[in-house]
Amino acid sequence: MSKATNDFEIAGRVSKREVNWEQLLHTAIESSSHGLCVFDGRSRLVIGNEQHRCLYSLTSSEVSPGRSVEDLLKGRHARVVAAMENVQSAGYLAAIQRGEEFQTTYELQNGSFIELDMHPMSDGGFVERHRDVTELRLAELRAEAARQELIEKQYAIDQAVIVAITDVRGTITYANDRFCEISGYNREELVGNNHRLLKSGLHAPEIFRQMYRRLAKGGVWRGELCNRAKSGELYWVDTVITPQLGSNGKPVAYMAIRVDITARKKAEAQVYYAARHDALTGLLNRAALLEDLLNRLAHAKASEQELIVYLLDLDGFKWVNDTLGHAAGDALLKQLSRRLKSVASDGDLIARLGGDEFAIVQFSSGEAREQAKRLAITLLEIVAIPFSFEAQDVSVGVSIGLAFAPLHGSTASELLYKADLALYRVKAEGRNGYRFFEEEMHRNAQSRNRLVNELRESVARGDFELHYQPIFDAKTLQPSVMEALVRWRHPSQGLLYPDRFIGIAEETGLIEPLGRWILRQACADAASWRKGVKVAVNLSPEQFRGPALFDVVLRTLLETGMSPDRLEFEVTESMLLQEKEENLLLFRQLKNIGISIALDDFGVGYASIGSVVSFPFDKVKIDRSFTRDVVNKPASRTVVASIMTLARGLGVQVTAEGIETRDQLEYLRSQGVDLVQGYLLGRPAPAALSECISVSLVERAL
């Protein structure tokens, strides 16, 4: 065989085995996991794989070879959700014309995302790659959503809490916006600076030592701290500090998250202040004084110091309230509180215990008694200065009781009690002064307490009796009225006069049952007397409190058969100052049923002429302090003449009491008094003897 023949056979065998490149390309394109399309130089589809058709849910006719890229784009974009397909198409076609690469992503109506990459070929055609990036895009969207959520949370945190990060030395390395806002420093001023920049100075060093010890061990610290802003203003934060631990388990940084609680702290401070201070004067109240005094006593004991307790009670304050009104009383108390602050030393406790009662507590700076005496005198002087209210001056006095610790006691209640006993003595001795506590006062107080208990028991048993002192007609000297005077038949002390127990009965509320007994017994006794003789019953101001008195009087008259026109009530001027309208109504009710009313001790109380005129009195009684000196003292004669002139103008009778000599009797009769009373004419005696004794005494006196 020739060599030529051999070569031909070999070439034939090779041609039969030659690769089908078109088939190979088609197979390669179809086996790709991406959608692939090949376009020729006229932008017509040469081949597109099944993956491409499936990605866009296209029909076979929509992706048949020879279709223009514009037709293919229309089919794809029919499945696209986004409203940007026209813009994307225009950009894509422009890139094809320029022979440039192009990339875009489509969001399809079925929820998937397709990424398109276009790559030009050298002969003018181009290849498209379509990749399903749904999972990637969803992951990106989730990541973006998470990022946005984190941004929103961080914003919310920045608005709500203060965040700071410091290194282990306390140098600030991060500060959020809220930190800058509340502190007043900008971020540049905070970062790089030590956190001590915000120290307020209000906390004890031990608090921070405990904090650092806990954080150094890797623990979390929480507490409330007060910081100082750049402006100097204080603000409170509820703080949580968390250590960030390094690989060795030791802190490398600290994150502090703080919540602004300044408003809450201010509210708590206001509530605390209100709970400890008097609303009117701003001084400490009783509860706060007792609490602080307890602390002072402990300190005084530890330091071997003395404490001085001053207890003050205003004299005449009730008159201010009753005559000028509570507004005037409140204004006076406010002015007084300012005066007390002006004379007290720094650190002294000043409190309003209630009403017109105040207290001052101070440490002794040396000789306690002399120090207390100096301040007591100063207090008397500053209270004596008139108080001004609505262009008028008001004057009051002050009574002061003093006690010392530990000399007079080691507890707050004991010291106040001892000071109160000293105060009580000042009032008993005429008011407007000061006294130091003495043990004899305590003994008297104990005796008085026993007397109170005995009085309560005696009221329940009825250990009382009435004596009667006659009041005579000044012209005829015949008995006109018998004044009922109560006596207490004490179990061990014998017969006690009213000055020993009436005041106690008024203070303890026992005057109510005692007064009812006196009224009933007096009416029962008088019912058997001869016609024309009245019985006079003294009424305490305390009996006027409440609406029950008129009912008590009516019931007593019905039960005893006593005629109202034979009953007379004697009241004091102090009654005119309390609840004037209510008392005036009661007076008129009593007058309407025939009871007469006499004003006792006229001229020695606080009542104004206007008050006397407005009440329907039948009589006024000239006090014994004026009748005693009426013969020898011109001032007393002037008072008597004035009372007589007023009484004639008002059309009321005048009784002169306390007559003990014939000269007094004759002078007062010459002045025209209507009725006379006194030891010269008749002493108090039991009901069975009073009338006959009085007649014999008159005969002897004359």
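The values are calculated or read from the model by the stated rules, or taken from the named source; none is laboratory data. Values in this document were obtained by computation on a predicted structure and should not be read as measured data. A quick note on method: Cβ atoms are made from the backbone with ideal geometry, for glycine too, and the neighbour counts reach across all protein chains shown.
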- prompt: Can we say V163 is among the β-branched types (V, I, T) and under 30 Å from Q51 (Cβ atoms)?
  reply: no
- request: Looking for whichever is at positive phi, in the same structural domain as R624 (by TED's automatic domain parsing), in contact with a Leu (Cβ under 9 Å, 6 or more places away or on another chain) and modelled with pLDDT of 90 or more here; the options are L510, L477. Which one fits?
  value: L477
message: For the range 470-514, give me each residue that is loosely packed, with under 13 Cβ neighbours inside 10 Å and either assigned to a loop (DSSP other than H, G, I, E, B) or more than 44 Å from the chain's Cα centre (by Cα) (or both).
response: K475, T476, P491, S492, Q493, G494, L495, G509
query: Which ones in the range 626-650 are under 21 Å from P616 (Cβ atoms), more than 55 Å from the chain's Cα centre (by Cα) and of a type outside the set (S, T, Y)?
result: M644, R648
message: over 30 Å from L681 (Cβ atoms), part of a strand (DSSP E or B), without any contact (Cβ under 8 Å) to a residue 40 or more places away in the chain and out of contact with any Asp or Glu (no Cβ under 6 Å at 6 or more places or on another chain): which single residue out of R443, R435 fits that description?
response: R435
query: Of the numbered conditions (1) loosely packed, with under 10 Cβ neighbours inside 10 Å; (2) over 25 Å from E107 (Cβ atoms); (3) modelled with pLDDT of 85 or more, S33 satisfies every one except a single condition; which is it?
result: (2)
message: Can you tell me which condition G232 does not meet? The list is (1) modelled with pLDDT of 90 or more; (2) on the phi < 0 side of the Ramachandran plot, and all the others hold.
response: (2)
- prompt: Do the conditions hold for E85, that is, is it at pLDDT 85 or above, assigned by TED's automatic domain parsing to the domain that holds R53 and more than 60 Å from the chain's Cα centre (by Cα)?
  reply: no
task: Give the residue that is surrounded by the fewest Cβ atoms within 10 Å (Cβ to Cβ), with candidates limited to residues of the range 198-215 that are touching a residue at least 12 places away in the same chain (Cβ under 8 Å) and within 20 Å of I261 (Cα to Cα).
output: G201
message: List pairs: first residue in the range 417-429 and closer than 13 Å to R443 by Cβ, second residue assigned to a helix (DSSP H, G or I) and at pLDDT below 95 anywhere in the structure, Cβ distance under 7 angstrom, at least six positions apart or on different chains.
response: L421/M441; L421/H442; L421/A445; R425/M441
message: Can you find, within the range 597-621, the residue that is farthest from L586 (Cα to Cα) among those that are of a type in the set (V, I, T) and at pLDDT below 90?
response: V604
message: Could you check the range 289-336 and list, in sequence order, the residues that are of a type in the set (S, T, Y) and either surrounded by fewer than 19 Cβ atoms within 10 Å (Cβ to Cβ) or part of a loop (DSSP other than H, G, I, E, B) (or both)?
response: S303, T323
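If I ask for residues that are assigned to a loop (DSSP other than H, G, I, E, B) and not hydroxyl-bearing (S, T, Y), which ones from the range 249-282 would you list?
Those that are assigned to a loop (DSSP other than H, G, I, E, B) and not hydroxyl-bearing (S, T, Y): G249, K250, I261, D278, A279, L280, G282.
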message: Just the residues that are crowded, with 16+ Cβ neighbours inside 10 Å and in a helix (DSSP H, G or I), please, taken from the range 394-413.
response: A412
- request: Output yes when any residue across the range 237-256 is within 26 Å of the chain's Cα centre (by Cα) and either crowded, with 20+ Cβ neighbours inside 10 Å or not polar (S, T, N, Q) (or both), and no when none is.
  value: yes
